[in-house]
Amino acid sequence: SLLPVLTVWALSYYVIFTKTGEYEANPLCPAAIEIVNPTTLPGADDDDGNFVMWCAFMKAAKSSCQAVFPLVGFLFLVQFIGIGGPPTNVRGLLAGLLATLVGMICFNIGLVLSLMPIGQAVGRDMPKATEAYGAFFGDVVMLLFGFLAGVGSTLAEPALSALGDTVEALTKGKFKKMSLIGAVALGVGLGITMGLCKIRYHLNLFWLLLTCYSFAFALTVVSDEAMTCVAWDSAGVTTGPVTVPIVLALGGAVARSNHVAEGFGILSCASVGPIVCVLLAAKLRGPTTGATPAAAASNT
């Protein structure tokens, strides 16, 4: 998680110092924050559902093939060159590859036609809650929706379930799978709420992250090694295929409604939430580390 931040920073400084004057920034450019909707493509009209579905299918198929084929090609290359022979059960591998492609295409179609437009529409209409309920309660409604959206999208992440199974096995059932899932979902919800506050009230992202990560580091110092690793790894759920599109669409729409240049920063706030919540949950439950390797060897 840290290396991409550093590399993007390095690239941004390179562009700033080498491309000065070649680009003119438009802070409110819709293309920078608008998610492409197939209904806006030339030739599409509101009643032409087949055209919209075809555009979504082609876009999903292209992105899925670009994600799968290079990785599969690299693995086969390693298999033939590094190991020196064809893989076993080629028919099963091809069937699995086909199932992966079909699943990713269907998932991407759902993102383009459902999740992203919903996130955009809700984010665009959220500020209208201020007109309906007043300034204070309108902001409460917007932040409450952000919290629930973060919790719901996290619960839908498939990787989180696998992480919960691993943690329950690691701690020999002392830290339950659902406890971890609940802590991570709560952390993501609180983080997204904080990110929406950053956009709504024009808060400084640097001080938000400095405060939250300082608290996370303090909890890390007093936590055991196993749960520390689990807590920091759980932040990766915020980069999952379900959470990211919803959060980016919501943040971009809220930013436009509040006349803010961009809606980024929500995911960075959402990343620190699971770390803090999992570490706090582990401390409240007491020692959760299972048997050490040395102890396990002595028992055998």
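The values are calculated or read from the model by the stated rules, or taken from the named source; none is laboratory data. Given the structure is predicted, the values throughout are model-derived calculations rather than measurements. For neighbour counting, all protein chains shown are included, and Cβ atoms are generated from backbone atoms with ideal geometry for every residue, glycine included. Surface areas here come from the heavy atoms of the whole protein model, side chains and all, with no ligands, DNA or RNA. Shrake-Rupley method; radii C 1.70, N 1.55, O 1.52, S 1.80 Å.
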Among (1) open to solvent by 20 Å² or more (accessible area, probe 1.4 Å); (2) under 19 Å from S153 (Cα atoms), which single condition is V222 missing?
(2)
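Provide a single number: the residues in the range 191-212 that are under 26 Å from G123 (Cβ atoms) and free of Cβ contacts under 8 Å to residues at least 60 places away in the same chain. Before the answer, list the steps.
Within the range 191-212, the first condition is being under 26 Å from G123 (Cβ atoms), and the residues that meet it are 191-209, 211-212.
Subset that is free of Cβ contacts under 8 Å to residues at least 60 places away in the same chain: 193, 197, 201-204, 206-207, 211.
Residues meeting the conditions: 9.
Of all residues in the range 193-207, which are touching a Cys at 6+ places or on another chain (Cβ under 7 Å) and either open to solvent by 20 Å² or more (accessible area, probe 1.4 Å) or under 11 Å from T154 (Cβ atoms) (or both)?
If we filter the range 193-207 for residues that are touching a Cys at 6+ places or on another chain (Cβ under 7 Å), which is where we start, we get 194-195, 198, 203.
Those that are touching a Cys at 6+ places or on another chain (Cβ under 7 Å) and either open to solvent by 20 Å² or more (accessible area, probe 1.4 Å) or under 11 Å from T154 (Cβ atoms) (or both): M194, K198, L203.
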Please find, within the range 241-259, the residue that is farthest from K128 (Cα to Cα) out of those that are of a type outside the set (A, V, I, L, M) and open to solvent by less than 10 Å² (accessible area, probe 1.4 Å).
T243
Scan the range 79-98 and report the pairs whose first residue is part of a helix (DSSP H, G or I) and whose second residue is open to solvent by less than 60 Å² (accessible area, probe 1.4 Å), with Cβ atoms within less than 9 Å and a gap of 6+ or a chain change.
Q79/G85; Q79/P87; F80/P87; L93/V72; L93/P87; L97/V68; L97/V72
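Among the residues of the range 78-95, is there at least one that is aliphatic (A, V, I, L, M) and within 30 Å of V254 (Cβ to Cβ)?
Filtering the range 78-95 for residues aliphatic (A, V, I, L, M) gives 78, 81, 83, 90, 93-95.
If we keep only those that are within 30 Å of V254 (Cβ to Cβ) too, we end up with none.
No, the range 78-95 contains no residue that is aliphatic (A, V, I, L, M) and within 30 Å of V254 (Cβ to Cβ).
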